[in-house]
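The structure appears right after this line, and notes come after that.
The values are calculated or read from the model by the stated rules, or taken from the named source; none is laboratory data. Just so it is clear, the structure is predicted and the values come from calculations on it, not from any experiment. Quick reminder, even Gly has a Cβ in these numbers, built from the backbone with ideal geometry, and neighbours come from all protein chains shown. For accessibility, only protein heavy atoms count, side chains too; no ligands or nucleic acids. Shrake-Rupley method; radii C 1.70, N 1.55, O 1.52, S 1.80 Å.
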Amino acid sequence: MAMPEIQTHTDEFDEAKSEAFSDHFVAALNASSLMMMSSIGHRTGLFDTMDGMDWSTVQQIAEGAGLNDRYVREWLGAMVTGGVVEYQSTDQTYRLPAEHARWLTRRVTPENLSVTAQWISVLGCVETRIIEKFKTGGGLHYECFERFHETMAEESAQTVVAALQNHILPLSKGLADQLQKGIAVLDVGCGSGRAACSMAKAFPASTFTGYDLCEDAIEAAISLAREQGLDNVTFLAKDITTLDEPEGYDLVTGFDIVHDQKDPVTVLSNIYSVLKAGGTFLMQDIAGSSYLEKNLDHPIGPFGYTISTMHCMTVSLAQGGVGLGTMWGEELAEEMLTDAGFTGLVKHKLTHDFINVYYVMKKEHVAAVTRQTDSEHLGC
Ligand SMILES: C[S@@+](CC[C@H](N)C(=O)[O-])C[C@H]1O[C@@H](n2cnc3c(N)ncnc32)[C@H](O)[C@@H]1O
């Protein structure tokens, strides 16, 4: 077949570079397919079924998982060629090696990587509608996504909730003691409420409030609090752009919530205003730079910009928002937090979590200082 005429930027066409790119692209095709099938492996319980099973036939695996064997055979084909499951052709049996099961099963939560694989399928569901938005602008609302809140809750249960007590709350000196004694805490954009419930359970003398825009997430949060018999946590569907509870809280937490806001400047200013003087804002967001050129070696660069295009940016644009996007970056985050009035900002990266950055900052006792200055000015 004749090669199409190639347009090049220079006269030199690097054949080796072209070949290497084609290999890279095909590898990406296989890797993304493997993520979709791994999501299925997680959701159907196939990984959990195969965990610890000796060499088994398709029928044994399908029966163990309570699934149709024709589908399981095809899924196993992807898993074997993708290097996840091992295969013995002599007796046509399969095995999930312990070294792989260690990263793929519910038993190893919070280190179950197959939870994260679900994003590829969640995002794939809206591809056609996102293409429309490429032409028209605007965005897709949260309710357009199948299983967004469910997947988000599972993901942050691993990255945030599991690390709250031992790694995240200790980032703010003295915070655990305050929580033990009893303080008022607000979790903004609380999603399905797992972080707030976990803190409410650990610190019964403190009171917790969780606000989220989405009714379905709040319903899940209320059910979780009820299941756990918690009476010190309240969840309400509420847009935090309209928060108006001046100096109502000692601690505000915001886990992965700023970059998908329609109006992040107002939200940060509201968080500042609902904090008592001396209060703490603990915020988690995606690690990375605001500058594309500094993200070239980002460990999840393509994934970050993809989830932004397909979810975080679009949900903001859908509300007429600014569409910061997932990769808004640490430089812009620091600038916006400082502009909102926060002081003493310290950024932390945790060894268990290469995806996120944790920001701890204060609302200083400025109100008292201002009052004093006013009084002096008035000559009182
Ligand atoms: C990426 S999710 C994080 C959820 C949760 N914090 C977690 O870590 O699992 C962002 C959440 O912010 C909520 N959200 C976005 N804009 C909001 C707003 N203006 N007011 C309240 N919640 C909002 C969304 O509904 C969503 O549940």
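Roll a 1.4 Å probe over the protein heavy atoms and report the accessible area of C125 in Å², nearest 10.
70
Which value in deg cm²/dmol, rounded to the nearest 500, describes the helix-derived mean residue ellipticity at 222 nm for the chain, given -39,500 (n - 2.57) per DSSP H run of n ≥ 4 and division by the residue count?
Values: 16 runs with 168 residues, N = 380.
Per the formula, -13000 deg cm²/dmol.
Can you give me the accessible area per residue for the stretch 205-325, using a 1.4 Å probe, in Å²? Before the final figure, lay out the partial values.
Details: 4960 Å² over 121 residues.
Per residue, the stretch 205-325 has 41 Å² of solvent-accessible surface.
Just the number please: accessible area per residue for the stretch 1-110, 1.4 Å probe, all protein chains included, in Å².
On the way: 7610 Å² over 110 residues.
Counting only protein heavy atoms, the per-residue value for the stretch 1-110 is 69 Å².
At a 1.4 Å probe radius, which order do D216, D250, D285 fall into by accessible area, largest first?
D216, D250, D285
Would you mind checking the stretch 106-128 for residues with the amide N under 20 Å from a putative spin-label position 7 Å along Cα→C-beta of S223?
From the stretch 106-128, the list is 122.
Based on C-alpha coordinates, I'd like the Rg and Dmax of the stretch 124-369, in Å.
For the stretch 124-369, the Cα-based Rg and Dmax read 17.4, 55 Å.
Per the 1.4 Å probe, what fraction of the accessible area of the stretch 15-106, in percent, lies on carbon and sulfur atoms? Spell out each step's value before the answer.
On the way: 3110 of 5510 Å².
Heavy-atom surface of the stretch 15-106 belonging to carbon and sulfur, 1.4 Å probe: 56 percent.
Quick check: the distance between the Cα centres of the stretch 277-332 and the stretch 161-204, to the nearest angstrom?
24
Tell me, in nm to one decimal, what length is gained between A277 and E335 on full extension, where the rule is 0.36 nm per residue of separation less the Cα-Cα distance? Intermediate values should be presented prior to the final figure.
Working: separation 58, 0.36 × 58 = 20.88 nm, distance 2.08 nm.
Here the answer is 18.8 nm.
How much of the DSSP beta bridge set in the chain is antiparallel, as a percent to the nearest 5? List each step's numbers first, then the result.
Numbers: 16 of 36 bridges.
Within the chain, antiparallel bridges account for around 45 percent of the total.
Largest first, what is the accessible-area ranking of E74, E99 with a 1.4 Å probe?
I get E99, E74, largest accessible area first.
Ignoring ligands, DNA and RNA, what percent of the accessible area of the stretch 226-351 is carbon or sulfur (1.4 Å)?
Values: 2850 of 5430 Å².
Its accessible area is 52 percent carbon and sulfur atoms.
Roughly speaking, what % of Cα-Cα pairs in the stretch 15-106 are separated by over 23 Å, rounded to a whole number? Please list the in-between numbers first.
Numbers: 1116 of 4186 pairs.
Looking at the stretch 15-106, the distances longer than 23 Å represent 27 percent of pairs.
On C-alpha positions alone, give me the angle between the axis of helix 114-124 and the longest principal axis of the chain, in degrees, nearest 10.
Its long axis makes an angle of about 90 degrees.
Check cross-link reach from K181 to the aspartates and glutamates: straight Cα distance under 16 Å, and skip same-chain residues fewer than eight apart.
Within the straight-line limit of under 16 Å, K181 reaches these aspartates and glutamates: D250.
Around H259, under 12 Å between beta carbons, what's the net of Lys plus Arg minus Asp minus Glu among the other residues?
Values: positive: K262; negative: D256, D260, D285, E330.
Taking every Cβ under 12 Å from that of H259, the sum is -3.
Using the Cα centre of the chain as origin and beta-carbon charges of +1 (Lys, Arg) and -1 (Asp, Glu), tell me which of F21, L113, A195 is placed farthest towards the positive end of the dipole.
The one lying farthest along the dipole's positive direction is A195.
Under a point-charge model restricted to the Cβ atoms of Lys and Arg (+1) and Asp and Glu (-1), what is the dipole moment magnitude of the chain relative to its Cα centre, in debye to the nearest 20? All intermediate terms of the calculation are to be shown ahead of the outcome.
Details: 26 positive and 52 negative charges, 197 e Å.
Here the size comes out at about 940 debye.
State whether the stretch 186-258 is rounded, prolate or oblate according to the following rule on the C-alpha gyration tensor (a ≥ b ≥ c being the square roots of its eigenvalues): a/c under 1.5 gives rounded; otherwise a/b larger than b/c gives prolate, and the remaining case gives oblate. All intermediate terms of the calculation are to be shown ahead of the outcome.
Numbers: a/c = 1.80, a/b = 1.18, b/c = 1.53.
Judged from the Cα gyration tensor, the stretch 186-258 comes out oblate (a/c at least 1.5, b/c at or above a/b).
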